[in-house]
Amino acid sequence: MTLGETARGLLELTRPGNAVAAAVLTFTGAFVAGGLGEHGLAVAAAVAATGLAVGAGNAINDYFDREIDRINRPDRPIPRGAVSPRGALAFSGALFAAAVALALVLPALALAIAAVNLLALVAYTEFFKGLPGLGNALVAYLVGSTFLFGGAAVGDVRPTLVLFVLAGVSTLTREIVKDVEDVEGDREEGLHTLPIAIGERRSLQVAAVLLALAVLASPLPYLLGYFEEAYLLVVVPADAVMLSAAYESFENPTAGQTRLKYGMFLAALAFVVGRAAAELGVP
């Protein structure tokens, strides 16, 4: 392998799209909490720490999943030989260290969330990933907590609590659908994911019910008076995208979970629009 191929493999380990997306969610949490102006450096540190931590978590996940990926994802860097298992582990450690260094400049609550999340990232791949529902729930917490982390970075998590819950439930739905997609390799590796434990169709039904609950709860920020009608103009289409994704998952889990991700980001955008509209006094 050439140096360029190894560098490309290391970048792929981080899943840069996911890392950037998580960093954007942290920024969104800080924005929704209303603290961008006077806390610019803290927000920048939190955003960078999130991206690095997610990249580290993805890299260590590939390290632990290298045998499963030989079946499910043979094109990933470790199975195809672009990065050695030891190299992936060292790279993950370096990213974790950089994330911790950035988190040290943040308020105590943000630092506590970062510490819990770093431990959870490692625990997920080593202990919880193959447990029915528990691994999915841990990932859901991690995604939702990016909003809490952004709020904590500016000293106020309260405006992000509803977003944390909605993002967590939506992510739990997507994780269940992804497990249905990966059931063959997971069964070969001896994992006991939810689709293996209770069946693929029943798992998709559980995912659909969870998503329906999240959709029903999505108007809460408007009903509680946090946002005006501008929020609804974006969150309603997001709800429609996510519901159609849940329906599509019964026929095509791969397409369904991809569309669900788009719906989740559209829902996050609804909070940004709602906050911006509130700042500008737009109904």
Looking for something of a type in the set (Gly, Ala, Ser) and closer than 24 Å to Tyr124 by Cα - is there at least one such residue anywhere in the stretch 170-181?
yes
Which condition does Gly151 not pass, out of (1) surrounded by 21 or more Cβ atoms within 10 Å (Cβ to Cβ); (2) under 20 Å from Asn18 (Cβ atoms), if it passes all the others?
(2)
State which residue pairs qualify: first residue assigned to a helix (DSSP H, G or I) and inside the stretch 1-30, second residue buried (at least 20 other Cβ atoms within 10 Å of the Cβ) and acidic (Asp, Glu) in any location, beta carbons under 8 Å apart, and separation of 6 or more residues or different chains.
Leu13/Asp62
Just wondering, is there one or more residues in the stretch 148-165 that are among the charged types (D, E, K, R) and over 25 Å from Gly225 (Cα atoms)?
no
Of the residues Val206, Val183, Val177, Val215, only one is within 20 Å of the chain's Cα centre (by Cα) and over 15 Å from Ala140 (Cβ atoms); which?
Val215
Helices (runs of 4 or more DSSP H) wholly inside the stretch 189-265 containing at least 3 residues that are surrounded by fewer than 18 Cβ atoms within 10 Å (Cβ to Cβ)
200-217, 220-223, 229-249
Can you give me the number of residues within the stretch 175-188 that are touching a residue at least 60 places away in the same chain (Cβ under 8 Å) and either touching a Gly at 6+ places or on another chain (Cβ under 7 Å) or in a helix (DSSP H, G or I) (or both)?
8
Selection from the stretch 85-106 of residues more than 19 Å from the chain's Cα centre (by Cα), buried (at least 16 other Cβ atoms within 10 Å of the Cβ) and touching a residue at least 60 places away in the same chain (Cβ under 8 Å) yields Gly87, Ala88, Phe91, Leu106
Boolean, Ala120 is within 23 Å of Val165 (Cβ to Cβ), surrounded by fewer than 16 Cβ atoms within 10 Å (Cβ to Cβ) and hydrophobic (A, V, I, L, M, F, W, C):
no
Considering only the stretch 97-105, I want to know if a residue exists there that is within 26 Å of Asp182 (Cβ to Cβ) and either of a type in the set (Asp, Glu) or part of a helix (DSSP H, G or I) (or both).
no
Taking the stretch 61-77 as the region of interest, how many residues are touching a residue at least 60 places away in the same chain (Cβ under 8 Å), within 20 Å of Gly4 (Cβ to Cβ) and either assigned to a helix (DSSP H, G or I) or of a type in the set (Ser, Thr, Tyr) (or both)?
1
Take Leu142 and tell me if it is in contact (Cβ under 8 Å) with a residue 12 or more places away in the chain and buried (at least 16 other Cβ atoms within 10 Å of the Cβ).
yes
Residues Leu121, Leu172, Leu163: which one is free of Cβ contacts under 8 Å to residues at least 60 places away in the same chain, touching a helix residue (DSSP H, G or I) at 6+ places or on another chain (Cβ under 6 Å) and assigned to a helix (DSSP H, G or I)?
Leu172
Residue hits (the stretch 151-196; charged (D, E, K, R) and within 21 Å of Phe31 (Cα to Cα)) are Asp156, Arg158
Leu131 passes all but one of the listed conditions (1) of a type outside the set (S, T, N, Q); (2) in contact with a helix residue (DSSP H, G or I) (Cβ under 8 Å, 6 or more places away or on another chain); (3) at pLDDT below 85; (4) assigned to a loop (DSSP other than H, G, I, E, B); the exception is number (2)
Among the residues of the stretch 26-75, what is the count of those that are within 14 Å of Ala114 (Cα to Cα) and either of a type in the set (A, V, I, L, M) or touching a His at 6+ places or on another chain (Cβ under 7 Å) (or both)?
11
Taking the stretch 31-55 on its own, how many of its residues are part of a helix (DSSP H, G or I) and either farther than 30 Å from Asp75 by Cβ or more than 13 Å from the chain's Cα centre (by Cα) (or both)?
13
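The values are calculated or read from the model by the stated rules, or taken from the named source; none is laboratory data. Quick caveat, the model's predicted, so the values are computed rather than measured. Ideal geometry is used to build each Cβ from the backbone, glycine not excepted, and the neighbour counts take in all protein chains shown.
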